[in-house]
1. Grab the beta carbon distance between LYS361 and ASN293, set R0 = 22 Å, and tell me the FRET efficiency rounded to 0.05.
2. Which whole-Hz ³J(HN,Hα) couplings does segment 244-252 yield from phi under the Karplus relation 6.51 cos²θ - 1.76 cosθ + 1.60, θ = phi - 60°, glycine and proline marked x?
3. Rounded to whole Å, give me the distance from the Cα center of segment 226-300 to that of segment 1-75.
4. Between ILE333 and LYS377, what's the calculated FRET efficiency when r is the beta-carbon distance and R0 is 25 Å? Round to 0.05.
5. For segment 8-102, what's the relative contact order in percent, using C-alpha pairs closer than 8 Å and at least 6 residues apart?
6. Under the rule that a partner needs its Cβ under 4.7 Å from the first Cβ, which Cys of the chain have none?
7. By how many nm would the segment from LYS239 to GLU286 grow when fully extended, if each residue of separation counts as 0.36 nm and the alpha-carbon distance is taken off?
8. Under the 0.36 nm per residue contour assumption, what length would be gained going from the current alpha-carbon distance of THR86 and LYS8 to full extension?
Amino acid sequence: MQTLKNKKVYFETYGCTFNFADTEKLKEIAVRQGCTVSGPEDAEAVVINTCTVVSQTERAMIRAINEFPDREIYVTGCMPVVQKETLLSVRPDIHIILPEDIYKQNRHAGGMVDKNTGVVQVGTGCLGNCAYCITRHARGRMKSFSSENIVEETKRLVGKGATEIQLTGQDLSAWGKDIGSDLSELLYLLNEIKGDFAVRVGMMNPATVIPILEKLVPAFKLKKIYSFAHLPVQAGSDKVLKTMQRGYTQSEYRKVVDEFKRQVPGIRISTDFIIGYPTETEEDFEESVKLLNDTKPTKVNITRFSVRENTPAALYKDMPDWIKKNRSRKLTIAANSIYDENNEKMIGKVLPVAVTEKKKKGSVISRDKSYNNIVIKEDIPLGTKLDVVIKSHRTHYLIAERV
């Protein structure tokens with residue numbers, strides 16, 4: 001960090017939304033130290049914010065570092081904490097910036113605005129003990145940013161034009177447990193902020209949701225909180241969940257989902273599955289398929305198990321890739337069928353939406369209260385609010401027209 005001074009610097013970021021917000025903090029520090037942000041061609045130094053959640057990502061990070069053999073390289077993110085020796089074996093002259101070094105110099109609740117979407121970090125680390133996870137070793141135990149800092153950062157980003165605020169952290173529902181508060185209290189505070197915006201809550205571990213479920217669910221009905229809950233289950237088998245050290249049963253997970261659906265009309269539930277975990281038998285996998293079909297999430301992230309060094313799961317014997325591929329394919333087909341079923345029910349509905357993204361010329365992406373991904377085939381300014389009618393759908397999004 002001390003040598004990142006008076007240079008033209010190019011920043012490259014991988015992984016989660018949290019990493020992107022860290023990069024914004026690091027840019028602020030670099031600029032204070034006399035640096036200018038540059039493109040890759042003109043840069044004297046390159047900062048790479050790394051992710052190492054699975055082995056495929058780790059290999060991508062090594063390739064990214066090797067793309068700049070003639071530049072001064074700085075590396076931050078998760079890899080320097082848990083795989084420093086690997087990085088030094090690739091580039092012995094590499095400069096390491098630990099995430100903790102960033103927070104020492106920039107202690108506010110980190111935030112950034114990309115067009116009209118603002119990202120706000122709520123803290124670092126988690127309270128989990130997942131057997132397969134290397135990120136918890138990189139980020140440590142939960143350290144919540146204060147509600148005052150999070151509220152002020154949200155106000156700042158809304159003032160800069162953000163109409164969507166994305167709360168990010170390793171486990172949102174663990175926020176506040178170390179400072180005598182909880183996520184529901186934070187959401188009520190954010191809902192009171194003046195301005196035309198809505199908050200999307202990031203990933204919540206069911207294990208930390210369960211103790212605050214009664215207080216948390218009503219917060220997702222608040223006007224400025226999207227009715228969208230990301231609740232990764234990871235497996236549908238109690239045996240696998242136990243060996244994953246997830247801290248809940250599939251029955252408890254179902255109760256969480258049922259409670260959200262019972263109290264919050266139209267809520268969208270997103271979930272994650274890890275396929276091919278070493279203790280997963282064919283019968284265990286079928287339990288995951290059953291849980292998927294029973295709970296009918298509107299979004300599913302499917303990851304094939306990848307051994308991460310120095311984790312408890314690395315002690316198990318890994319299963320062949322072809323088994324993981326077959327199971328992943330089967331679960332993807334089941335998920336796609338659920339998407340189509342859920343989407344068909346939306347045809348003909350009239351919804352108030354806000355335009356949040358522009359990806360293709362001549363069309364925009366909008367979101368309703370339930371954070372449905374709704375494409376409108378018109379060029380409409382970001383932040384615009386309007387009523388639309390759902391006309392058709394594709395697997396991963398709805399297609400609408402103005403009313």
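What follows draws every value from the coordinates through simple rules; no lab data is involved. Since this is a predicted model, take the numbers as computed values, not measurements. Because the Cβ atoms are built from the backbone with ideal geometry, glycine has one as well, and the counts that use them run over all protein chains shown.
1. Numbers: r = 38 Å, r/R0 = 1.73.
Taking R0 as 22 Å, the efficiency between LYS361 and ASN293 is 0.05.
2. Whole-Hz 3J(HN,Hα) from phi for segment 244-252: 6, 6, 7, x, 7, 9, 5, 5, 5.
3. 35
4. 0.30
5. 28
6. CYS16, CYS35, CYS51, CYS78, CYS126
7. Gain in length upon complete extension: 15.6 nm.
8. Details: separation 78, 0.36 × 78 = 28.08 nm, distance 2.65 nm.
Fully extending the segment from THR86 to LYS8 adds 25.4 nm.
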